[in-house]
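Since every read-out is calculated from the coordinates, none of them should be taken as a lab result. Fair warning: this is a prediction, and the values are worked out from it, not measured in the lab. A quick note on method: Cβ atoms are made from the backbone with ideal geometry, for glycine too, and the neighbour counts reach across all protein chains shown.
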Amino acid sequence: MKTPKFYGLLSLLIAIMTLSLSGVWAQVLKPVLPNNVPPSPTAAGLGQYGEIEVGHYSGLPNTSIPLYTYSQGGYDFGIALSYQNAGLRYLDEASYVGLGWSLNCSGVITRSIKWVEDLMPGVGYSRVHPNNLEVWETDTEPDIFYYNVNGIAGKFVLPYSSGTLYAKSLNQQDDTRIYLDANNNFVMTTPDGIIYRFEHKEMAKVTSNNVSATRISAWYLTRIELLNKEIILFKYKPNPLKLKNSTTQGHVTQTLSMIPQSGSPNPSCYEYLGYPQTLGSNTSTETDEVLLESIEGKNGKVTFAYSARNDIGTVSGSASRVQSISVLNGNGEIRKFTFGYGYFSSGNSNTVIGNRLKLLSVTETGVGVNNQSKVHSFYYNEGTIPDKTHLSGKYFGFYDTNPTVALLNKIVYPTKGYTEFTYQNHDYSAAPVPNAGILPKDLGVRIWKIANRDATGTLLLDREYTYTKKNTAGNPVSSGKLISYATNQYESSQIVDVLCNNTTYLIKVNRRITYSTSIVPLGGSSTVVGYDQVTVTDKDGQGNNGKSEYYYVNNVDSYSNIIPGLQGTHDYKNGTLTTERQYRWDGAANDFRIVREARYQQQYLETVIHQGLVYVPGTTGGSYSVSSFKSRPQGITETKYESTSDSLQTSHSYTYSTNYLQPEVVQTTGSSGKVERISKRYPYHFTSTGVYAAMVSVNQLNPVIEETYSAGGVTMHTATTSYRQIGTGASAIYVPDSIKTRKYGSPSTENRIIFSNYTGNGKLQHAKLADGPPEAYQWGHGQEFVVAEVTNGNNSSDTYSIFPSYGNVSVPITISATNSFTFTSMAPGDITLQLLQGTFMGSGITLSMSYTISGPLSRSGAFCMNNNPNDPCYYTNVNNNKVVISNAPAGTYTLLIRSNTTISGSTAGVSCTYMGGQLAATALKDFFYEGFEEATGAATSMPYAGKRYRSGTYTVPFTRPDNRQYTVEYRYLQNGKWIFQKKAYQNNMVLNEGTAIDEVRVYPSGAGMATYTHEPMIGVTSKTDENGRTVFYDYDAFQRLWRIRDDEGNIIEEYKYNYRTN
């Protein structure tokens, strides 16, 4: 897609701000089904992206179809379809866009509940101190939580805390912060400072053995708070339907025999002892059907429409599927996506049991020229599927009669080119237990081949995946490992002491426990098979192109006991890439030749073991652990091969001085021995400075404050970007203040850019450049887009000469007496409070005063003073009568002083020193622009540029700020034609030519002015340059650049986007 590019300096600023991730127990109890509460099919589909190690390691393709990106305030939120399917499981339900598909249009935090849900007061894992956890009395297993929002995915546990509950991630790779607020809502802040709030709860009613409980099964995204404090809202349909589980998970415990070892038990004891009887435990759920209604921001909105489906049971009414997505700006619908469906079927007339929704197509349409529909079509391996109620008796639950049925095998694109997918069964050569005996057909499938073809069927790329390695004898074997192992059946023989009717009996109890269906939860390890080594070979129509080999961390789960319901201890480092090699095809040698190898080293830190304790009724118990930890790169060794005997090696090492995850020093050592270093320092390296401490407190960690480049041990270049705060409290925004550089040989740093003025929401209005004229900007459309850009112009704020200023607060020395002082600190700097000596010193009484300072930051504490040399409050001890608040941000503060002592007839004084100043230069805006796009009462029938103009005369509300000559430019409408006018400007000039006015510009001599019109969610629609020449940009039905016209309407350029139709 072609789009016009503008705003050179702003591009630099945006880049800067972007810089700115076993015990054992034995009991005899009635069986209770393990409480793995399933989220809704849609939440589960989104959650698995944080769960499964996607890619070569797991053999799972992750196909994405981007649909639309909503943009606001420099932030992009993507809407996309994603497909991921390891094979059909008996219990699989289709999401609301079809089996295997997820619609990434919101965000979700879901969880796999283990035993009791972790947030239950007094019982849940997150609510009980680890020292007080007790099997059957409290929850002894941590739930696993999964998050997925805008391409950010991961998993975490929520360990106990007496205060706020903070997430501990399982293999955390960026500095994202997640916590649970007082309303049991999750708040996630990414390291760029963007806040995601998950406040819409999906509730699930779980019923087991006639006992019901309602709990939260998922949290959905409700709002995104941008760095400039703007909001993107996610709204959901009210009064959701209740989705019913179409299957029942259960297990049976049979007491096969019960042999008295002494005495003869009374028959009345049989029921208590569970003999002879077969006990069952069935669980059903009723889960909210959460349906996103709209995404809304200041530039427009995206709405979602639904239609009925027949494959999901409900308490009442029909479940929904996504029927269409509409994109709207202020002028109406500009894009629409319509979904086409069918069903996979078992042939059962009860469609809730026998059907699963099938996505057949997505059709994109627009409004305007080039509106030929864009269609993605999807094809699958067809065949009869099993009913959801089928009792497989298999732990992993895959449909083994036809393992590849219902899998996506072809995508046809709008170009009529297509991609084909071929699958094969998993295999393995290692397992958690010897002789695991699980057949490959029971393990789901992996990708084998992917072929890309053009519309004529000509092969463009044939990619084949091989999952083998060489054993010690040099023979190829499967590189797969069966990651987890468990059984659906367990038999045990126990001798237990039983007290019945006041008599103790020694009883031998033989039990069998059988789970009727798969009990693989979303949590634990849902990657069934992982691979040590994967080889990807690419071929085109002419033969081999090359291949790549990938090597991964791949460890099987470990088990304290093999019993139903007990998961293993999983290694969450699995899937981490350790080595990759690329080869080219050497036709002369008829073999592959290595061209590159890279070895990766990771560093792991902050590892915490979270213990899970499990008791399965009628058996012994066991334990497992879940490890939360952080990981970050430690080094890369890269070797490039020119030939089999000639290679060049480069090593990259990463060092850190904190536990944050961004590399601080990257050192590169070349094959010649030359060493280069790039050192970066972030806000958390400068927390003694108020603005950076504030940035860290809101998790705005990404901005690079200082960057240094050195070669051969010599510093060649240093760049420092300082930040400042706009606004206070929750409204505070942090923006670049200046960029300074120092080059090799220079004794000091030099200002390169000073960002001297911003709007209230952080949009740059004025910047001074060391090597060029100042740049000024005006913003429109809710301060979203630049509408005027002036070179050698001003749009500056008041500037001040900064110097220390002083104030005093006098307070009567009477208990609870107060006084306050309000002051404005004009620049970041120290605030010093000093309790002063006074007549009270002769009283022999110790004076105690409290202080509270509020404003851009808050502090409180106490002073004391007396005249006793042996007392800590002696007046020479400044630790008790003086406070320095270092590097306090600029802003208005209030100091409150309160007396904690009564000394009759005396007063006390507290001095306050801060960074004051006086006005050095008043705010100056020396240009004016009005395009009437946001003007009240503007006409719309025939604008010159944009969508609106002024009908009748217009008085320009601008007064020249100095004695320079000013020029006014505008268009006026006469006899149906817009005419350009340019002349000298006088204050409050009336423009009265013609019948209408548009595009009014006023600027001083020596300045160059460019102005722009925009249509939100479409693009820039015109640019008028400093010579008054206008270029118009027209877009087609899909917001792609269609043509460029001059101010006479002549076409300069035109683009056509044609898709093959046969």
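Worth a mention:
- C-alpha center-to-center spacing [the range 657-718, the range 779-818] in angstrom: 31 Å
- Put a dot 7 Å past the Cα of F803, heading toward its Cβ, do the same for S558, and the two dots end up 7.0 nm apart.
- Summarising the label geometry, the points placed 7 Å from Cα in the beta-carbon direction at T894 and V714 lie 5.8 nm from one another.
- Loop trypsin sites (Lys or Arg not before Pro), the range 971-1062, which have at most 13 other Cβ atoms in a 10 Å radius of their Cβ (DSSP): R1029, K1056, R1060
- Spin-label model, T207 to S64: label points 7 Å out along the Cα-to-beta-carbon direction sit 4.2 nm apart.
- In sequence order, calculated HN-Hα J values of the range 968-983 (Karplus, 6.51, -1.76, 1.60; Hz; x Gly/Pro): 10, 10, 6, 10, 10, 9, 9, 6, x, 10, 8, 10, 7, 10, 9, 6
- For K977, the lysines whose Cα falls under 24 Å of its own Cα, not counting residues fewer than eight places away in the same chain, are K947, K1023.
- Nearest-0.05 FRET efficiency for S816 and E642, computed from C-beta distance (R0 60 Å): 0.15
- Counting every other Cβ atom within 10 Å of each residue's Cβ, M942, M865, M716 order from fewest to most as M942, M716, M865.
- The range 106-152 and the range 878-948 have Cα centres spaced 45 Å apart.
- Sequence-distant aspartates and glutamates (8 or more away, or on other chains) whose Cα lies within less than 14 Å of K155: E51, E53, D143, D174, D175, D571
- For a paramagnetic label modelled on N329 (point 7 Å from Cα along Cα→Cβ), amide N atoms under 15 Å away belong, within the range 998-1034, to 1012-1023, 1032-1034.
- Only Cα sites of the range 800-921 enter the Debye sum here, all with the same form factor; the resulting log10 I(q)/I(0) across q = 0.22 1/Å is -1.18, listed in q order.
- Sorted by Cβ neighbour density within 10 Å, fewest at the top, the residues M849, M989, M826: M989, M826, M849
- Working from Cα pairs under 8 Å separated by at least six residues, relative contact order for the range 786-888 is 24 percent.
- Over 24 Å apart at the Cα level, from the set K298/K768; K237/K388; K235/K374; K416/K539, are K298/K768; K237/K388; K235/K374.
- Applying the Karplus relation 6.51 cos²θ - 1.76 cosθ + 1.60 with θ = phi - 60° to the range 167-174 yields 3J(HN,Hα) values of 5, 10, 7, 9, 6, 6, 10, 9 Hz, where x marks Gly and Pro.
- FRET efficiency for T458 and S345, using Cβ-Cβ distance with R0 set to 41 Å, rounded to 0.05: 0.70
- Scalar couplings 3J(HN,Hα) for the range 370-381, obtained by applying the Karplus form with A = 6.51, B = -1.76, C = 1.60 to θ = phi - 60°, are 6, 9, 4, 4, 10, 10, 9, 10, 10, 10, 9, 6 Hz; x denotes Gly and Pro.
- Sorted by Cβ neighbour density within 10 Å, fewest at the top, the residues Y970, Y800, Y954, Y147: Y800, Y954, Y970, Y147
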